[in-house]
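The values are calculated or read from the model by the stated rules, or taken from the named source; none is laboratory data. Quick caveat, the model's predicted, so the values are computed rather than measured. Note that we place each Cβ from the backbone using ideal geometry, even for glycine, and neighbour counts take in every protein chain shown. Note: accessible area is taken over every heavy atom of the protein model, side chains too, but ligands, DNA and RNA are not part of it. Shrake-Rupley method; radii C 1.70, N 1.55, O 1.52, S 1.80 Å.
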Amino acid sequence: MDKNPKHAIKELQQVNLLLNKIAEKIETKSSEHKINELEQVNVLAKKILNNPPPDTKISPIVLEKIHNDLKTPLTPVKAYVQLLLSDNFGKMTDSQKEKMRSISENLDELESAIQRLF
Amino acid sequence: MKVLIIDDNRDITDMLSKYLKMSGHDCATSNDGRNALSMIESRNHDVVLLDLSMPDFSGIDIIDSLAEKDKISNQKIIVFTASSVSKSEIDELIKKGAHSCLKKPIDPDELVMYVENINGQKSQACH
């Protein structure tokens, strides 16, 4: 069964839906859990980043939608990371802050990569 | 529940596995059709989420193989696809032993609810 652009878009939409839901679930967790979960999502996001979708002919309107859909979950995740770094959910250890800074940098990189892709 | 997720798209297996685990379920994954076949045959799961369009050995090949070896009965195999498959193709897969069909993209919460209530679901074509 050959995969066509519509197929690729549907799969991207599925990944995006899952990313959004995972971000929602992380929001409900305690600070300690948030850090662990964000680290895991960070690893998954890096993998997605390093494996861009194959070249497909996609209309500009659809591209814009995908661009927005990919960027949208990043906003609350970045906001939460900044809140955690500012000790808004309790004082973090130096080791925890170091991990959060790494996550923050990778989120910035992911955001830049999305910009470059589109 | 123990869920076996089979999809050649590693982003989907990774993310879906992550979300199902966060929802309280155990997950195993496979990104290769032939490897997935032996995992299904081992019956170490409650539900299988099976992508149809995988290279080399597709979801359809897996269902055909299981049906031929008579290893598909009592398996809860949910076909989970982004492909444009016809109703007759899906009906054929269900006739061979697939439980039902879900289309990508699906709301993850709906997917989790469907999986959790699988034992109460009747075998049917694409949602």
query: Mind checking which residues of the stretch B:38-63 are touching a Phe, Trp or Tyr at 6+ places or on another chain (Cβ under 9 Å) and among the acidic types (D, E)?
result: B:D51
field: Any pair with Cβ under 8 angstrom, 6 or more apart, that starts in the stretch A:85-104 at a residue that is charged (D, E, K, R) and ends at one that is part of a helix (DSSP H, G or I)
entry: A:K97/A:L85; A:K99/A:I35; A:K99/A:E39; A:R101/A:L85
- prompt: Can you name the residue in the stretch B:69-84 that is farther than 13 Å from B:I6 by Cβ and open to solvent by less than 20 Å² (accessible area, probe 1.4 Å) and is also nearest to the other protein chains (Cβ to nearest Cβ) among such residues?
  reply: B:A82
query: Between a first residue in the stretch B:87-108 that is within 14 Å of chain A (Cβ to nearest Cβ) and buried (at least 16 other Cβ atoms within 10 Å of the Cβ) and a second residue that is in a strand (DSSP E or B) and aromatic (F, W, Y), which pairs have beta carbons less than 6 Å apart while being 6 or more apart in sequence or on different chains?
result: B:L102/B:F80
- prompt: Take the residues of the stretch B:48-59 that are buried (at least 23 other Cβ atoms within 10 Å of the Cβ) and not acidic (D, E): which is nearest to the other protein chains (Cβ to nearest Cβ)?
  reply: B:L52
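Residues in the stretch A:48-58: is at least one part of a helix (DSSP H, G or I), at pLDDT below 75 and within 10 Å of chain B (Cβ to nearest Cβ)? Full working, then the answer.
The initial filter retains those residues of the stretch A:48-58 that are part of a helix (DSSP H, G or I), namely A:48-50.
Then keep just the ones that are at pLDDT below 75; that gives A:48-50.
Add one more test, that the residue is within 10 Å of chain B (Cβ to nearest Cβ), and what stays is A:48.
Yes, the stretch A:48-58 has at least one match.
Listed here are the residues, each with its yes/no results for (1) under 21 Å from B:M15 (Cβ atoms); (2) within 14 Å of chain B (Cβ to nearest Cβ); (3) modelled with pLDDT of 80 or more; (4) exposed (fewer than 12 other Cβ atoms within 10 Å of the Cβ).
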| site | (1), (2), (3), (4) |
| --- | --- |
| A:E11 | yes, yes, yes, no |
| A:V15 | yes, yes, yes, no |
| A:L19 | yes, yes, yes, no |
| A:L44 | yes, yes, no, no |
| A:K71 | yes, no, no, no |
| A:L84 | no, no, yes, no |
| A:T93 | no, no, yes, yes |
| A:S112 | no, no, yes, yes |
| A:L117 | yes, no, no, no |
